[in-house]
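Working notes, beginning with the structure itself.
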Amino acid sequence: MNHRGVYLVALILSATVAMAGADSYVIDKNHSSVDFSIPHLVSKTKGTFGDFSGTIVYDAAHPEQSRFTGTIDVSSIDTQNERRDGHLQSADFFDVANHPSISFASTGVKKVADGQLHVVGDLTMHGVTQLVTIPVDILGTGTNPMNGKKQVGLVGDLTIKASEYGVNSWENFKAVLGDEVTIEIVVEANAG
């Protein structure tokens, strides 16, 4: 075996060892949330998505090896106003009939400090994919006393522009709404 072959084997083995300490988790929807807010006239309108799912592969010793994926059912949007929710699902905004979900898949993770990560990945919404960076705080890890399964908790915040995803077709958008949408994701996830 030449030097190149030895290097390749060593690289594969080191990657395998690094991932050996990683645990796979599934988001617990009952103890997690996906909330958002957007400027509205002189204030803000807030809302949430009630139906979402996702997985996390997290290694506290090697957080850069972690992976995050998630999907949101856009029809589960809830701003505590049924008429507004219906409008948000229409072609003026999310166009749920043609774009029923929002998805995220990480492409890289950088450790910023203990318990703080920058998760880079593809956010796809309304048929548009943009590379985003989500600052994530690991709130804690532990074992659920009810079922003995490992858990991880985290929170991530990001701000996106509705216009960059084409979620601004409503003729009155600029007169009524601001372009920047703040999203907060709070996750409690359990080992599978």
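The values are calculated or read from the model by the stated rules, or taken from the named source; none is laboratory data. Note that this is a predicted model, so its numbers are computed, not measured. Cβ sites come from the backbone with ideal geometry, for glycine too, and all protein chains shown count toward neighbours. Surface accessibility is based on the protein's heavy atoms, side chains included, excluding ligands, DNA and RNA. Shrake-Rupley method; radii C 1.70, N 1.55, O 1.52, S 1.80 Å.
Summary table
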{"read-out": "Considering residues of region 171-192 that are open to solvent by 60 Å² or more (accessible area, probe 1.4 Å) and more than 13 Å from the chain's Cα centre (by Cα) only, the residue modelled with the lowest pLDDT", "value": "192"}
{"read-out": "Region 23-43 residues that are over 26 Å from residue 176 (Cβ atoms) and in a loop (DSSP other than H, G, I, E, B), paired with ones that are open to solvent by less than 50 Å² (accessible area, probe 1.4 Å) and not hydrophobic (A, V, I, L, M, F, W, C) (beta carbon under 7 Å, 6 or more apart)", "value": "28/190"}
{"read-out": "Counted residues, region 55-77 - those being part of a helix (DSSP H, G or I), more than 17 Å from residue 136 (Cβ to Cβ) and open to solvent by less than 30 Å² (accessible area, probe 1.4 Å)", "value": "2"}
{"read-out": "Test: residue in region 106-113 that is free of Cβ contacts under 8 Å to residues at least 40 places away in the same chain, out of contact with any strand residue (DSSP E or B) (no Cβ under 9 Å at 6 or more places or on another chain) and open to solvent by less than 60 Å² (accessible area, probe 1.4 Å)", "value": "yes"}
{"read-out": "Meets criteria (open to solvent by 60 Å² or more (accessible area, probe 1.4 Å), touching a residue at least 12 places away in the same chain (Cβ under 8 Å), among the small types (Gly, Ala, Ser) and in a strand (DSSP E or B)) for residue 103", "value": "no"}
{"read-out": "Subset of region 140-157 [surrounded by 14 or more Cβ atoms within 10 Å (Cβ to Cβ) and hydrophobic (A, V, I, L, M, F, W, C)]", "value": "152, 154, 155"}
{"read-out": "Selection status of residue 80, at positive phi, open to solvent by 70 Å² or more (accessible area, probe 1.4 Å) and not aliphatic (A, V, I, L, M)", "value": "yes"}
{"read-out": "Count of residues meeting criterion [at negative phi and more than 13 Å from the chain's Cα centre (by Cα)] in region 30-50", "value": "14"}
